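One structure is given here, and the rest of the page talks about it.
The values are calculated or read from the model by the stated rules, or taken from the named source; none is laboratory data. On a predicted model such as this, the values are computed, not experimentally measured, just so you know. Here the Cβ positions follow ideal geometry from the backbone for every residue, glycine too, while neighbour counts run over all protein chains shown. Accessible surface is based on the protein model in full, side chains and every heavy atom, while ligands, DNA and RNA are left aside. Shrake-Rupley method; radii C 1.70, N 1.55, O 1.52, S 1.80 Å.
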Amino acid sequence: MQVSVESVGNLERRMSFSLPAERLDTHIGGRLRELSRTARIKGFRPGKVPAKVIEQRYGDQVRAEALDGLLRETFNNAVREQDLQLAGNPRIEKQGEGELDFVATFEVVPDFGDIDVAKLNVVRHTAEVTDADIDQMVDNLRMQRRTFQVVEHGAQVGDRVALETWSQAGEERMPAEGIEKGATLIGSGVMFGEIEQALVGLAKGDEKTVSVTFPADWRVPQLAGRQVDVHVKVTEVAESVVPEVDRDFIRSFGVKSGDAEQFRADIRSNLERELKGALMTRLRREVGEQLIAAYAHVEMPPRLVENEARVMVQQAAEQARRQGQQVQIPDNAHEGFMDAARKRVLVGLLVGEVARRNQLRLDPKRLNETLRLIASTYEEPEQVIELYRNDPQLMNSLQGRVMEEQVIDWIAERAQHTEQTLSFQEAIRN
C-alpha cells in the first residue's frame with residue numbers, strides 16, 4: 001500500500017493513500033454472490049436471481065458499503081504502520097481523478113514527553129453517609145409532600161402568603177396602573193429580604209408599606225439601586241402541613257412493604273450512589289487541575305480545541321433553553337470558550353496517553369457495576385440494562401466514562417496525595 005504523510009503544521013498531518021482495487025472488487029463480488037443466494041425478488045425463485053439483476057438492484061449500495069469499509073480499514077492500517085496517535089477524527093476526501101485515491105487531514109497527539117504521575121499532588125476527598133444524613137433526606141421528602149391549609153392568624157416563617165403589591169419610586173409608580181399579584185413562602189428568600197420579613201405577622205386583609213433600597217445589581221432593572229416604597233396587601237395565609245412517616249407515606253416512594261427500616265436502607269443506597277459520583281467528580285477535577293498545571297506548556301491541536309469550544313457553546317445554549325431562556329448563538333461565540341476547551345482537551349489527551357502507555361484496559365467488572373448502578377435508579381432496571389446493551393452509542397459513551405474513571409483512579413493512586421474528610425453535604429456541594 002502506497003502511503004505518504006506530510007506535516008502541514010506542528011500537529012497537523014496530511015496522508016495520501018490509495019485503496020487496493022483488487023480487494024475492493026473481491027469484497028463487492030463476494031457480497032453480490034451472497035445476495036444472489038438470499039435475495040427475494042418478485043419473479044425469481046430464491047437462489048435463482050440472475051447476477052445482472054442482482055447487480056442492477058444492489059450494485060450501487062454494495063459498492064458504497066464496501067468502499068466505506070475498506071476506506072476506514074485502509075486508513076486505520078496506515079495509521080498503525082506510521083505509528084501515529086490521532087487527536088480527533090480525520091477529514092478524508094478524494095484526491096485527483098482516481099476513484100480510489102484519497103487524502104486524509106488530521107491532527108496528532110502532541111509529545112508530552114515523560115508523563116510522571118508520581119510528581120502530581122492530589123487531594124483525595126473522603127466522606128460517608130451518616131444516620132443524620134438519612135434523617136435530613138427523610139425531612140426533605142416530607143417537605144416535598146407537604147400541603148397547605150388556609151389559616152386566619154398572622155403569617156409566620158414557613159407559611160405561604162398570597163399578596164398584592166405596587167411600588168412607588170420617586171414620581172414613578174410600578175405598575176403604572178393596578179396591582180401585581182403573587183405569592184411567596186416566608187423564609188424561602190424568593191422575595192427581597194426586607195419585604196419578606198415585613199410579611200411576618202400580617203393576616204388576610206392586612207396592608208403595609210415597606211421602604212427599601214434595592215442593591216445596584218438587583219434582578220429587576222427598574223428597581224436596581226433605587227429607594228422604593230413597596231405597598232403590600234395580604235390576600236391569603238396558608239400554613240404547611242407536613243405528613244408523618246407512616247406506611248402510606250413510605251409506600252408512596254416505591255417501598256411496597258411500607259417498612260421504615262427498608263425505607264431508610266433504600267435512602268442510604270441512593271445517597272451512597274450520589275456520594276460516589278460526587279467524590280469521583282471531585283477527584284476528576286483534582287487530577288485534571290494537576291495535569292493542566294504540569295503540562296500547560298504543551299501545544300494542543302488547534303482544530304480539536306476549536307471543535308471542543310463549539311461543543312461547549314452548544315451545551316451552554318441547551319442548558320439555557322432548558323431554563324426557559326431564548327438563545328441566539330453568535331458565529332464567534334466559541335471564542336469565549338477556547339481557554340476552557342483547551343484545558344478539557346489537554347486533560348482528555350493526557351488521560352488517553354496514560355492509558356495507552358501503561359496498557360490500561362477497560363475493566364468489564366467495573367463497567368457492569370456502573371451499568372447496574374445507573375439502572376438501579378429506574379423502576380425497571382433490567383430494561384435499562386438491555387437498552388444499553390442494544391444501543392452501541394449508549395454503550396460506547398458508558399465505556400468511555402468508565403475508562404476515564406479507571407485512569408483517573410490509576411493516576412490518583414500513584415500520585416502524591418493527601419486525604420481530606422468531608423461531610424456528606426460538603427462532598428456533594430460542587
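General remarks:
- Pick from region 35-67, criterion of a type in the set (Gly, Ala, Ser) and either in contact with a Lys or Arg (Cβ under 7 Å, 6 or more places away or on another chain) or at positive phi (or both), ranking: surrounded by the most Cβ atoms within 10 Å (Cβ to Cβ): ALA66
- When residues of region 230-262 are limited to those that are free of Cβ contacts under 8 Å to residues at least 24 places away in the same chain and surrounded by 17 or more Cβ atoms within 10 Å (Cβ to Cβ), the one nearest to the chain's Cα centre (by Cα): VAL255
- Residue under evaluation GLU380, criteria (1) open to solvent by less than 100 Å² (accessible area, probe 1.4 Å); (2) free of Cβ contacts under 8 Å to residues at least 24 places away in the same chain; (3) among the charged types (D, E, K, R), criterion not met: (1)
Residues are listed down the side, and each one gets a yes or a no for (1) crowded, with 17+ Cβ neighbours inside 10 Å; (2) assigned to a helix (DSSP H, G or I); (3) not aliphatic (A, V, I, L, M):
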| position | (1), (2), (3) |
| --- | --- |
| GLU353 | yes, yes, yes |
| LYS365 | no, yes, yes |
| GLY400 | no, yes, yes |
| MET403 | yes, yes, no |
| GLN406 | yes, yes, yes |
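- Single condition GLN227 does not satisfy, out of (1) open to solvent by less than 50 Å² (accessible area, probe 1.4 Å); (2) farther than 20 Å from VAL150 by Cβ: (1)
- Sole exception among (1) within 18 Å of the chain's Cα centre (by Cα); (2) over 26 Å from GLN406 (Cα atoms); (3) surrounded by fewer than 17 Cβ atoms within 10 Å (Cβ to Cβ) for VAL313, by number: (3)
- Condition check for MET300: part of a helix (DSSP H, G or I), over 22 Å from HIS417 (Cα atoms) and in contact with a helix residue (DSSP H, G or I) (Cβ under 7 Å, 6 or more places away or on another chain): no
- Among the candidates VAL108, VAL103, residue that is modelled with pLDDT of 95 or more and of a type outside the set (Lys, Arg): VAL108
- Cβ pairs under 8 Å, 6+ apart, first in region 54-74 and touching a residue at least 60 places away in the same chain (Cβ under 8 Å), second buried (at least 17 other Cβ atoms within 10 Å of the Cβ) and not basic (Lys, Arg): THR74/PHE17; THR74/LEU19
- HIS417 vs. criteria open to solvent by less than 90 Å² (accessible area, probe 1.4 Å) and more than 27 Å from ARG303 (Cβ to Cβ): yes
- Taken together, the residues in region 174-186 that are within 19 Å of GLU152 (Cα to Cα) and either charged (D, E, K, R) or open to solvent by 50 Å² or more (accessible area, probe 1.4 Å) (or both) amount to 1.
Every residue, every condition in (1) farther than 30 Å from ASP246 by Cα; (2) surrounded by 15 or more Cβ atoms within 10 Å (Cβ to Cβ); (3) in contact with an Asp or Glu (Cβ under 6 Å, 6 or more places away or on another chain), yes or no:
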{"residue": "GLU81", "(1), (2), (3)": "yes, no, no"}
{"residue": "ILE92", "(1), (2), (3)": "yes, yes, no"}
{"residue": "ASP116", "(1), (2), (3)": "yes, no, no"}
{"residue": "ASN121", "(1), (2), (3)": "yes, no, no"}
{"residue": "ARG124", "(1), (2), (3)": "yes, yes, yes"}
{"residue": "ALA132", "(1), (2), (3)": "no, no, no"}
{"residue": "ASN140", "(1), (2), (3)": "no, no, no"}
{"residue": "VAL157", "(1), (2), (3)": "no, no, no"}
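- Residue within region 272-279 that is at pLDDT below 95 and either within 30 Å of ASN89 (Cβ to Cβ) or touching a Ser or Thr at 6+ places or on another chain (Cβ under 6 Å) (or both) present: yes
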